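The values are calculated or read from the model by the stated rules, or taken from the named source; none is laboratory data. This is a predicted model, so every value here is computed, not measured. Glycine gets a Cβ as well: all are built from the backbone with ideal geometry, and neighbour counts include every protein chain shown.
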Amino acid sequence: MTEAVIRKKPGMASVKDMPLLQDGPPPGGFAPVRYARRIPNKGPSAIAIFLGAFGAFSYGMYQVGQGNKIRRALKEEKYAARRAILPVLQAEEDERFVKDWKKYLEYEAEVMKDVPGWKVGENVYNSGRWMPPATGELRPEVW
Amino acid sequence: MANVADAAGEPIPTSSVLMAAAKHIEINCMPENVEFLKCKKKDPNPEKCLDKGRQATRCALGLLKDLYQRCKEPMEGYVGCMYYHTNEFDLCRKQQQAFEKACPLE
């Protein structure tokens, strides 16, 4: 009933003669809509991209090399300092070792004094070189 | 353990003191050190190189005492920094510069 009231045409015989109420385009039609792709073809070319990447890589590797040079210099400084103080430390250890070795030789002489034919004192290898003692008993307080 | 000298004024040869003075030892005690190393290379027996070792130790300890007497403050600062950073040279550059300015490496 309400549609007939809204869309009334004067002189209407039945509901079938009501004018149309549609949602349609405005007069003259809609404005045209662009739906075509427009991807621009500007920007760096392939060669430019490759050269840029290669340039960044080589700059990075150059910086790596420079950093390695600096690190090597620092390590060399540390090693040179260790080389410089090595004789002092080795001389101290030699003194301590000689003292302990003499005490050990006396102990060995006392222990083996009744064994015939035991050349008391040194009894190391036959090559003639000096080898450090392999017994591990010389510094029981350390080990 | 960060002080350089004991009660009598003698520098204690700890690792931080030795590393701090290492460049000076390298330059001033080079002949004794080289002699000791040559002796060791010839014969590693400790009993044979005792005298050269004593010379090297005497040179190094004398040099430490001399450095300590000549520039006490910068040396104590440098040794303290080395002790704190466990003998890392790169972390003690400031004290190293001050020490080498006071007692130059000649």
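Within region A:1-29, how many residues turn out to be in contact with a Lys or Arg (Cβ under 8 Å, 6 or more places away or on another chain) and of a type outside the set (A, V, I, L, M, F, W, C)?
Number of matching residues: 2.
Just the residues that are surrounded by fewer than 10 Cβ atoms within 10 Å (Cβ to Cβ), aliphatic (A, V, I, L, M) and either under 40 Å from the mean Cα position of the chain (by Cα) or not in a loop (DSSP other than H, G, I, E, B) (or both), please, taken from region A:1-55.
A:Val5, A:Ile6, A:Ala46, A:Ile47
Matching residues to (1) touching a residue at least 60 places away in the same chain (Cβ under 8 Å); (2) touching an Asp or Glu at 6+ places or on another chain (Cβ under 9 Å); (3) closer than 20 Å to A:Arg83 by Cα:
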{"position": "B:Lys41", "(1), (2), (3)": "no, no, yes"}
{"position": "B:Thr57", "(1), (2), (3)": "no, yes, yes"}
{"position": "B:Asp66", "(1), (2), (3)": "no, no, no"}
{"position": "B:Gly80", "(1), (2), (3)": "yes, no, no"}
{"position": "B:Gln95", "(1), (2), (3)": "no, no, no"}
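Residues B:Cys81, B:Cys49: which one is closer than 18 Å to A:Val88 by Cβ and of a type in the set (A, V, I, L, M, F, W, C)?
Result: B:Cys49 is the single residue among B:Cys81, B:Cys49 that is closer than 18 Å to A:Val88 by Cβ and of a type in the set (A, V, I, L, M, F, W, C).
A quick yes/no check of all residues on (1) buried (at least 18 other Cβ atoms within 10 Å of the Cβ); (2) more than 8 Å from chain A (Cβ to nearest Cβ); (3) closer than 27 Å to A:Ala73 by Cα:
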residue	(1), (2), (3)
B:Lys38	no, yes, yes
B:Leu50	no, no, no
B:Lys65	no, yes, no
B:Lys72	no, yes, no
B:Cys81	yes, yes, yes
B:Tyr84	no, yes, yes
B:Gln95	yes, yes, yes
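So, in region B:1-30, of the ones that are surrounded by fewer than 16 Cβ atoms within 10 Å (Cβ to Cβ) and acidic (Asp, Glu), which residue ends up farthest from B:Leu63 (Cα to Cα)?
Per the criteria, the residue is B:Asp6.
Being within 9 Å of chain A (Cβ to nearest Cβ) and closer than 30 Å to A:Trp101 by Cβ is the requirement here; does B:Ala21 meet it?
no
Filter region A:93-143 for residues that are assigned to a loop (DSSP other than H, G, I, E, B) and of a type in the set (Ser, Thr, Tyr); which is modelled with the lowest pLDDT?
My answer is A:Thr135.
Given the condition more than 30 Å from B:Val17 (Cα to Cα), of a type in the set (Asp, Glu) and loosely packed, with under 10 Cβ neighbours inside 10 Å, answer yes or no: does some residue in region A:90-109 qualify?
no
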